[in-house]
1. Report the calculated FRET efficiency for Phe494 and Phe17 (r = Cβ-Cβ distance, R0 = 56 Å), to the nearest 0.05.
2. Mean separation of Cα pairs under 8 Å and 6+ residues apart, divided by the residue count of the range 14-164: what relative contact order is that in percent?
3. Amide H neighbours of Val110 under 5 Å, at least 5 residues apart or on other chains, H built in the peptide plane: list them.
4. In what sequence, highest mean first, do 481-490, 411-420 appear when ranked by Cβ atoms within 10 angstrom?
5. Which value, in nm² and rounded to one decimal, describes the direction-averaged projected area of the C-alpha convex hull of the range 375-544?
6. 7 Å from Cα along Cα→Cβ at both Leu56 and Arg464: what's the point-to-point distance in nm?
7. Testing the spin-label approximation: label points 7 Å from Cα along Cα→Cβ at Arg361 and Arg238. State their distance in nm.
8. Once a ≥ b ≥ c are taken as the square roots of the eigenvalues of the Cα gyration tensor of the range 264-358, is the result rounded (a/c under 1.5), prolate (a/b larger than b/c) or oblate (a/b not larger than b/c)?
Amino acid sequence: MQPAAQTSSDASQHAAFKTGAQLVVEALEREGVTDVFGYPGGAIMPVYDALTGSSLNHILVRHEQGAALAADAWARITGRPGVCMATSGPGATNLVTGLANAFMDCVPMVAITGQVASPLMGTDAFQEIDTFGITLPVVKHSWLVRDAADIPHIFAEAFRVAASGRPGPVLIDLPKDVTQASIHTPGVIACRTETPAVFPLDAQGLARAGQLITAARRPVLYFGGGIALSRAEDALRRFFQRTRIPAVATLKGLGAIPTDWPGFLGMLGMHGTRAANTAVNDSDLLICVGARFDDRATGKLDTFAPGARVIHIDGDAAEISKLRAVEVGLAGDIGAILDALHPIMGDISAWQKTCADNAVRWAFRYDAPGSGVYAPGLLNAMAKAAGDNLIVTCDVGQHQMWVAQHCRFTRPQAHLTSAGLGTMGFGIPAGIGAALAEPDATVVTVSGDGSIMMNIQELATIRRYRIPLKILLLDNSQLGMVRQWQELFYQENFSEVDLYDNPDFAEIARAFGIEAFTLEHRAGEAEAIERLLTTRGPVLCHVRIDPRENVWPLVPPGKSNSEMMEA
């Protein structure tokens, strides 16, 4: 009987009965997933049952939006698709904002949702919603799984689609009967793979671009979030160092060239620096790399860089000449294109000096009057104290612009912000994702008193997993950016922006079991920064600031970037 027993054992290694839920977990493990952010519920329960004993580290958030935003930040740091999971109905709909956020900022993400059993679909069953239809505008692709046998291949394809080309979120909807089904599977599952497309370099385009750069006397290098998406930071820096063309960045581009390098003029656009906007306005050649001429960067588009020819380099051919006609368009691997571009530089020394002089002339000052905390100065000092190990995850509002203007960044992964969608509540979940993706970094969430209330429940997640997130909360008891616009453009009709009844945020943090303290005077800034950065474990610094403080400079809506308002 021994030979027969051995044969049976050998066969079991090659084939087995597995549930659809087990295939889901195995598919995630096969893709190298380490962290999954989620919240369980009825329709997704079979998958949670299969999670037990797996190699996956599941992070239980306290709201599904937090799961999507944490997965988003995890992906921005690692460059690999982040994974979030929720049940059907409200669980799935709570993911939508996070999916839209990732879609707008081109972040690879795989969202997994439970769905009611197949026979119940279309019957208005409990917690049934058309997740496939609702998410269609904010994902690259969706799958509604009908057969458990398709799970391995669908998951492999989902991860490929999320990360390839222009990255973005995808969604897999799993009916409960599919994840409960038991099917006979081979011991080793071979999934379909596709070789990534290789785009040959455009020799003629490169030659023409080189000619334009050689002829230019006032060129500007304008780069954006596409640099981080393609991991082309090194190539960009090599191009910048060999050409010494003055450079400006979009909000998502910050850090691709260290923000304190000579020749970098800062962020351009609505809240950009005067040196950056002036350089772009006066340029005769714009070399746009991994940016898309977004309205917040260009201001009134037909007045943007009015005398400049344009070279546009991007990973997505659809972006080239979409908003601005170009003389040369180069689509493909951004890093390879930049490394192949070795122009003979003309004499731009006078232009370099003009730009450098303007950067000094219009540099930010931090000697604000009074004894209160000046938020730009505090952020500038915090970033310098934290050094190269800093990652800032930022919420949305005035503090978001102050972070972009005044913090020092040495890599784009150090500045995580909701750029395209402008999602309030992004900061704390993103801080969780970033801290898990890079445990040795000093991760600081900069939030406002409006934004923090959007996902404040995630303080419980921070406490549970002892995530050493540092939260710098700027509290002006206002919806500051809305108030600023109402002051400047709505005749000071302050409608629904007063948050006078804010709670004591330090007390709230302590109630969650997180160390917290309050800063109210500039004299205590140095001590507060040291405590924030050196406290072991999570900590919240509640900073009270002047509610009348505005973000400057500012390009008014519908105006040219040359028409900047200042305090």
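Throughout, read-outs are computed from the coordinates displayed, never taken from laboratory work. Everything numeric in this text was worked out from a predicted model, so none of it was measured. Backbone-built Cβ (ideal geometry, glycine too); neighbour counts: all protein chains shown.
1. 0.30
2. Reported relative contact order: 26 percent.
3. Gly82, Val83, Cys84, Val170
4. Numbers: 481-490: 16.9, 411-420: 24.8.
The densest-packed peptide leads the list: 411-420, 481-490.
5. Taking a quarter of the hull surface, the average projection is 9.5 nm².
6. 1.5 nm
7. Each label point is offset 7 Å from its Cα along the Cβ direction, giving 3.6 nm.
8. Note, shape of the range 264-358 comes out oblate.
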